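Peer 1: I have a structure I would like to understand better, so I am pasting it below and will then ask my questions one at a time.
Nothing in this text is a laboratory measurement; each read-out follows from the coordinates by a stated rule. Predicted model, so just to flag it, every value in this text is computed and none were measured. Because the Cβ atoms are built from the backbone with ideal geometry, glycine has one as well, and the counts that use them run over all protein chains shown.
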């Protein structure tokens, strides 16, 4: 019923939104003699804030047209290289101006960024992708909104997620570097372990886990405690809903994106309220640059997608309740996953000092599960002064976190070029 109530509320507000747009158009009309007065500016600003808080945000685009590389502008073309029911694999291709540029692009380390399937679209990682594009050939998983997938296409659970990752890794071939952001840390580590145990030549050259819940028993957050305290029947009853008509996924059981967004905003309600109050003042004062910055952030943050119910419930039970991977009991389609089998893949773990979603130590736990990775091929870093979002986006991501990941990727590339070396000197820093 949650979903139907949400749709009803959206329909009820629709006439008010239309009236607000009409009022704003009149207030901002160039020939309006009262346009520049404080009351008119205040009413116009209030209309903008109301419209932003009540409208439904569509899927945002990456829109990475160009990047700057060493002072030169490089054009980027986004293309889908494979389509699956619940995910597309995107490639951000460099458009080289000459043969030398094309060769340089082909020689860049290939990186697969695994975006989280956790309510937001992959475009939330626009800053992550842009920073990685400077020195890497970048691919990303672009998950599809479950409410757009017909019920006849079947379910999608955590095992299916791992299957997708293994398929994408095999498609991109050997010497691939995998970067998992938040939620996919568990399936990415599991997929790497399965490939390692099989001696698969496509096992990643490096695996980077950023703010991921490998072991949520360490420094549990409010999110972790909720998962522990509530029963699975409670989640099924209070969280899961069915997609209403006339969406393509009509009758599909999902975890609605708007519920997850509500949870995220509630955790930081004062900060979000302050941001919208500040937006109002910026608009009244004519500070359009600050208003555009606010709008750019919330265009991505407020755009949410539905998750397949089977995947969400599977993740809650196996990752947050059973702690299966951390305890060594995680199974993929009945097969026990042994993370100790990983011995050729460099492991990089990144955490945020102020992360209130994935507590300190939860991602670092991956090192304890992979004892056979050589010391010179493992690295752990805690970024000071950032929360969950800041560890993979923003200024500190660009200036402090991403360069460390790039250095470890170069280190793994060096090892690949010299196969007789089991480990190389640890120039990037030890497991700290």
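Peer 1: What does the range 346-420 give for Rg and for Dmax, in Å, if only its C-alpha atoms count?
Peer 2: Cα-based Rg and Dmax for the range 346-420 come out at 13.5, 43 Å.
Peer 1: Can you give the convex hull volume of the alpha carbon atoms of the range 321-381 per residue, in Å³?
Peer 2: Normalising the Cα hull of the range 321-381 by residue number yields 92 Å³.
Peer 1: Sorting 302, 265 on the 10 Å Cβ count, fewest up front, what's the list?
Peer 2: Listed from fewest to most nearby Cβ atoms, that is 265, 302.
Peer 1: Rounded to the nearest 10 degrees, what's the angle between the helix 185-197 long axis and the longest principal axis of the chain, both from Cα atoms, 0 to 90?
Peer 2: 20 degrees
Peer 1: What value, in deg cm²/dmol to 500, does the helix sum -39500 (n - 2.57) over DSSP H runs of n ≥ 4 give at 222 nm once divided by the residues of the chain?
Peer 2: Computed mean residue ellipticity for the chain: -12500 deg cm²/dmol.
Peer 1: Could you sort the peptides 19-31, 132-144 by per-residue average Cβ neighbour count (10 Å cutoff), highest mean leading?
Peer 2: The densest-packed peptide leads the list: 132-144, 19-31.
Peer 1: Something else: Compute the distance in nm between two label points, each set 7 Å from the Cα along the Cα-to-Cβ direction, one at residue 12 and one at residue 29.
Peer 2: Using points 7 Å along Cα→Cβ, the separation is 3.2 nm.
Peer 1: Same structure again: So what is the relative contact order of the chain, in percent, for Cα pairs below 8 Å that sit 6 or more residues apart?
Peer 2: 18 percent
Peer 1: Kindly work out what percent of the DSSP beta bridges joining two residues of the chain are antiparallel, to the nearest 5.
Peer 2: Within the chain, antiparallel bridges account for around 50 percent of the total.
Peer 1: Would you mind estimating how fast the range 264-405 diffuses translationally, via Stokes-Einstein at 20 °C and 1.002 mPa s with the Kirkwood radius over Cα pairs, in µm²/s?
Peer 2: Answer, rounded: 116 µm²/s.
Peer 1: Using only the Cα atoms of the range 1-133, what are the Rg and Dmax in Å?
Peer 2: Values for the range 1-133 (Cα only, Rg and Dmax): 22.2, 61 Å.
Peer 1: So how far apart, in nm, are the two label points at residue 21 and residue 368 if each is 7 Å from Cα heading toward Cβ?
Peer 2: 5.4 nm
Peer 1: Using the Cα atoms of the range 29-70 to build a convex hull, what is its mean projected area in square nanometres?
Peer 2: Directional mean of the projected Cα hull area for the range 29-70 stands at 6.1 nm².
Peer 1: With a cut-off of 8 Å between alpha carbons and a minimum separation of six or more residues, what is the relative contact order of the range 325-423 in percent?
Peer 2: 28 percent
Peer 1: Given R₀ = 60 Å, FRET efficiency for residue 322-residue 55 by Cβ-Cβ distance, to 0.05?
Peer 2: 0.95
Peer 1: Using only the alpha carbons of the range 131-278, what is the convex hull's orientation-averaged projected area in square nanometres?
Peer 2: Value for the range 131-278: 12.8 nm².
Peer 1: Also, I was wondering about something else. By count of other Cβ within 10 Å, fewest leading, how are 231, 241 ordered?
Peer 2: The fewest-first ordering by Cβ neighbours comes to 231, 241.
Peer 1: Provide, as a two-decimal number, the C-alpha radius of gyration of the range 290-344 over 2.2 N^0.38 Å, N being how many residues it has.
Peer 2: The range 290-344 yields a ratio of 1.83.
Peer 1: Now for a separate question. Just report the Cα centroid separation between the range 338-361 and the range 145-217, whole Å.
Peer 2: 14 Å
Peer 1: What angle, in degrees between 0 and 90 and rounded to the nearest 10, separates the Cα long axis of helix 38-54 from the longest principal axis of the Cα atoms of the chain?
Peer 2: Roughly 40 degrees between the two axes.
Peer 1: Taking a point 7 angstrom from the Cα of residue 80 along the C-beta vector, which residues in the range 148-182 have backbone N less than 15 Å away?
Peer 2: Inside the label zone: 148-150.
Peer 1: Where a ≥ b ≥ c are the square roots of the eigenvalues of the C-alpha gyration tensor, would you call the range 40-95 rounded, which needs a/c under 1.5, or, failing that, prolate if a/b is larger than b/c, or oblate?
Peer 2: The shape class here is oblate.
Peer 1: Would you give the gap between the C-alpha center of the range 9-85 and the C-alpha center of the range 218-269, rounded to a whole Å?
Peer 2: That distance is 27 Å.
Peer 1: Any chance you could tell me what percent of the C-alpha pair distances in the range 213-252 go past 13 Å?
Peer 2: 64 percent
Peer 1: What's the exposure ranking of 272, 380, going from fewest to most Cβ atoms within 10 Å?
Peer 2: Ascending number of Cβ neighbours within 10 Å: 272, 380.
Peer 1: Follow-up question, since we're still on this one. From the square roots a ≥ b ≥ c of the eigenvalues of the alpha-carbon gyration tensor of the range 8-86, which class results: rounded (a/c under 1.5), prolate (a/b over b/c), or oblate?
Peer 2: Note, shape of the range 8-86 comes out oblate.
Peer 1: For helix 257-267, report the angle its Cα long axis makes with the longest principal axis of the Cα atoms of the chain; keep it between 0 and 90° and round to the nearest 10°.
Peer 2: Taking Cα atoms only, the helix is inclined about 90 degrees.
Peer 1: Normalized C-alpha radius of gyration of the range 123-197, against 2.2 N^0.38 Å?
Peer 2: For the range 123-197, the normalised Cα radius of gyration is 1.22.
Peer 1: Ok, one more. Multiplying the sequence separation of residue 42 and residue 152 by 0.36 nm and subtracting their Cα-Cα distance, what value in nm do you get?
Peer 2: 34.6 nm
Peer 1: Compute the normalised compactness of the range 187-260: alpha-carbon radius of gyration over 2.2 N^0.38 Å, N being the residue count.
Peer 2: Compactness ratio reported: 1.58.
Peer 1: Given Cα pairs under 8 Å that are at least 6 residues apart, what percent is the relative contact order of the range 149-259?
Peer 2: Here the relative contact order equals 26 percent.
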